[in-house]
Each structure stands twice: as structure tokens, then as C-alpha cells.
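Participant: This is the structure, below, for whatever I ask next.
The values are calculated or read from the model by the stated rules, or taken from the named source; none is laboratory data. For clarity, every value in this text was computed on a predicted model and none was experimentally measured. FYI the Cβ positions are ideal-geometry reconstructions off the backbone, even for glycines, and counts take in every protein chain you see. Surface accessibility is based on the protein's heavy atoms, side chains included, excluding ligands, DNA and RNA. Shrake-Rupley method; radii C 1.70, N 1.55, O 1.52, S 1.80 Å.
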Amino acid sequence: MQKDTSSGDVSPSHVGRVRHRRRPNEITTDGNRANGPALLVSDQNKYKSMLIRTYSTLWMMGGFVFVIYMGHLYVWAMVVVIQIFMATELFNLLRKSSEEKQLPGFRLLNWHFFFTAMLFTYGRFLSRELVNTVSSDHLLYKLVSGLIKYQMFICYFLYTAGFVWFILTLKKKTYNYQFKQYAWTHMILLTVFAQSSFTVANIFEGMFWFLLPASLIVINDIAAYLFGFFLGRTPLIKLSPKKTWEGFIGASVTTIISAFLLANVMGRFPWLTCPRKDLSTGWLHCDPAPMFKPEHYILGDWVPQWFPWKEVFLLPVQWHALALGLFASIIAPFGGFFASGFKRAFKIKDFGDSIPGHGGITDRMDCQMVMAVFAYIYHQSFISPHNFSVDAILDQTIRNLTYEEQKSLYQQLGDIILARQFM
């Protein structure tokens, strides 16, 4: 009588194979290739996913509206929090616990570079607003003016300290890992700060220039999801199997129309159109810029006889909003495609799991960062006046002159003005 040992035999092909549990945020390329077209129309869990995504979207939109209502300073704080979350998610991509155990304090070095970059970026962008905030207190004004004057040197000193810190922590068996982390940290800083700093600049130019571009990205994302969910049949790009041509085209049309209409609504509120020149949180009141003053258009023969409106009042900024809508619908989605390719390179599904149904903060900010840069450049190129303004001259005066020199300039200007009055 022979004992059956078939269940205990181990085939040569299985020798040395180690089973391991796949991480939840990891994806397999073969699985996506096999299921590619099916994901567009026959995903059994898509309704559950849609419910979760909708629920978290409503919470995010509610929180976003509340922060906008609170004011510019709170929106800036929100941007800083988003930057910290993004940096955390990106820092964690290349971290290895086995290597980190041999390098105590090495993770702290990443955050040293992060906050140094934050000090440099916001010190450059918000120096005028900071000085205007403390101008009533003579002692504090002199302190802040001095810090702004030497801000670049302070930031360089902090960066050099981090550089020396990095060199002193190098260990023989971890050279490769440490230099990879050093390069990765600088790429994160370039990605996070070089783009999101333009967001902060847009906020203080007028909430309109932050809120409209951000809203267009949200509208484009939601419209692409809904059109693709109900009508999607044709895959758009291999990097994102769930993206469809139907969703892309439907979202583009929706975004451009929304841009034109939203600009008319937002452009009528001084709270959104007035620039903020300090870091206070009070309500804003100002004379509307020419871009936000309604202009009368007679439609005449352009519309059929049955059309109820023969004349309309439009804001000039609405025509500029069409350019923002066009960019948000055609170019900005490529920020998402870039992020998709990046995640596939690291074999992960999402950058994090902080937002149910959406992934991490970075997953939501990929297109926003691309859009923020374009909105800033477009505003500076086509909206902002190119000649010298009072604000620009005051900014240079505050940056480059001491308090005594500013007093001397004030007295000389007073003498010149009095002399002209007598003439």
C-alpha cells in the first residue's frame, strides 16, 4: 500500500518562490491590460465607487466654500496644509524602513529643506503684504523690514546648514539611498513650491484669479467623470484606462461654458475681485477694475427673432475666462496623465488614501498645479498693467530703503508737491 505524496511534492519550478502579499495601493500592469476596455462599461463596483467619490467630493466642496468665505489668509493657510500633505505623500514614495533605521534624524532633514523652501518662497511673494500689516507698529515694522531685506541671505544660510547636515550624516553602506533621497527631496520642493507659490500669488491678486481657475478644474474633473461614467466607450489614453474620449470632449464643452458664466457671477463681488494688500481678514471694498465693469452689447441680427434677449451686459473678464476654460479643459488634464504615468512607474494606484474615493491629496492637485501656473502667467501677461504703478513703486521702496531713507523720501516728495502747487 503506497502513501499518496502528491500533495507534498514540490515541483522544481516552484523552488525558491516566495509568496508575498501585495500592498493595497499597488497595481499590476497585466491586470490592467487584460481588463482595459471592460473598466469603461462593465465595472461591477463602479456605482459603489461613484457613491463614495460623490460623498467625499461634497465634503471637500463644503469645506472649500467655508475657507473661501473666511478670507485670503485662511485660503493661504489651506494651501500650506495641502503642501504639507503633498510633501508627506511624495516623501513616503521612496522611503525604505530598513535604511531609515540606520539613519536617525535623516527624515527630519527632508522637512528642514521643506520649511526653508517655504520661507524663501512666501518671503518673496508676500513681503509687501507682510509689511503693510505691521506698518502701524514702528518697532515691529523695523524688525519685519530687516528680515525682508536679509531674507535671501537667511534662506541661503538655512539651506547651507541643511547641506552640511546631509554631508555629515553620510554612511558608507547607505550612500546610494541617501543621495537618491537628497535628489528626490529637491525634485519634490521644485514640484510643490514652484507651482503652488503661484497659487498664493493669485490669491492676493484677487480671489477671483484663484477661485475661477480652481473651480474650472473641479468642474472639468466632475464632468469628465460623469460623461465617462454614463457614455464612455472609447479609451482616451493608455496611461489612464478609465479615461474616455466621450468624457474628455463632454468635459471640455462643459468647462468652457462654465468659465464664461462663472466669470460673470464671480466678477460682481468685490470680495473676490479686490486685491488684498495686507494679511488682515477684514472685508474688502474697492472700485472695480475695468475688467469687472459691465459693458453693453446689442445682439441685433446675431440672434433669431424668437430669441428673448436682444441686448446683454457682459464683463470684459468673461472673454479672458474663455482662455482659462480652454486651458483647463485641454491642457490641464495632461497634469493628471503625467501623474498617472508617474504612479505606474512606481507601481502604485494612488499617492495616498487620505480622501475616500479619490486617493491622496496629490491625486487631486495634479491638474490644479498646472492650472495655477497658467492663471498667474496669463494674469501677468494680459491683465496686470505693464507700466509702473504706485503699488510697484511702494513695494520697491519698502524692500530697498531703510526707515530713515523712507522718511527722507517722504519729506522730499512733500517739498516737490508743495513747490508744484505754488507754481
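Participant: If you roll a 1.4 angstrom probe over the protein chains with everything in place, what fraction of the accessible area of the chain belongs to carbon and sulfur, to the nearest %?
Facilitator: 67 percent
Participant: Under a Cβ-Cβ limit of 4.7 Å, which cysteines in the chain have nobody to pair with?
Facilitator: Taking the Cβ cut-off of 4.7 Å, the unpaired cysteines of the chain are Cys155, Cys367.
Participant: Take the alpha carbon gyration tensor of region 82-127, find the square roots of its eigenvalues, order them as a ≥ b ≥ c, and report rounded if a/c is under 1.5; if not, report prolate when a/b exceeds b/c, else oblate.
Facilitator: Values: a/c = 5.00, a/b = 2.13, b/c = 2.35.
Here region 82-127 falls in the oblate category.
Participant: Identify all aspartates and glutamates with a Cα-Cα distance to Lys180 below 17 Å; exclude those on the same chain that are fewer than 8 residues away in sequence.
Facilitator: Within the straight-line limit of under 17 Å, Lys180 reaches these aspartates and glutamates: Glu89, Glu99, Glu100.
Participant: Could I ask something else about it? Which lysines, if any, have their Cα less than 21 Å from the Cα of Lys173, not counting same-chain residues under 8 positions apart?
Facilitator: Leaving aside lysines fewer than 8 places away in the same chain, those within reach of Lys173 are Lys96, Lys101.
Participant: Continuing with this model, one more query. Just subtract the alpha-carbon distance of Arg233 and Ile52 from 0.36 nm times their residue separation and send over the number in nm, one decimal.
Facilitator: Values: separation 181, 0.36 × 181 = 65.16 nm, distance 2.28 nm.
Computed gain between Arg233 and Ile52 is 62.9 nm.
Participant: Name the residues whose placed amide hydrogens come within less than 5 Å of the amide hydrogen of Thr244, ignoring near sequence neighbours (fewer than 5 apart) on the same chain.
Facilitator: Leu236
Participant: Once every DSSP H run of n ≥ 4 in the chain is given -39500 (n - 2.57) and the sum is divided by its residues, what mean residue ellipticity at 222 nm do you get, rounded to the nearest 500 deg cm²/dmol?
Facilitator: -21500 deg cm²/dmol
Participant: Something else about it: Just to confirm a number: summing +1 for Lys and Arg and -1 for Asp and Glu over residues other than Gly352 whose beta-carbon lies under 12 angstrom from that of Gly352, what do you get?
Facilitator: -1
Participant: When a/c is below 1.5 the answer is rounded, else prolate if a/b is larger than b/c, else oblate, so apply that to the chain with a ≥ b ≥ c taken from the square roots of the Cα gyration tensor eigenvalues.
Facilitator: oblate
Participant: Let me make sure I get this right: for region 198-302, a, b and c are the square roots of the gyration tensor eigenvalues over alpha carbons, sorted descending. Under 1.5 in a/c it's rounded, otherwise prolate if a/b > b/c, else oblate. Which is it?
Facilitator: It comes out oblate by the Cα gyration axes.
Participant: Holding the Cα-Cα limit at 32 Å, pick out from Lys149/Lys343; Lys48/Lys347; Lys172/Lys347; Lys171/Lys343 the pairs that are longer than that.
Facilitator: On the way: Lys149/Lys343 41 Å; Lys48/Lys347 24 Å; Lys172/Lys347 29 Å; Lys171/Lys343 30 Å.
In this structure, Lys149/Lys343 lie more than 32 Å apart at Cα.
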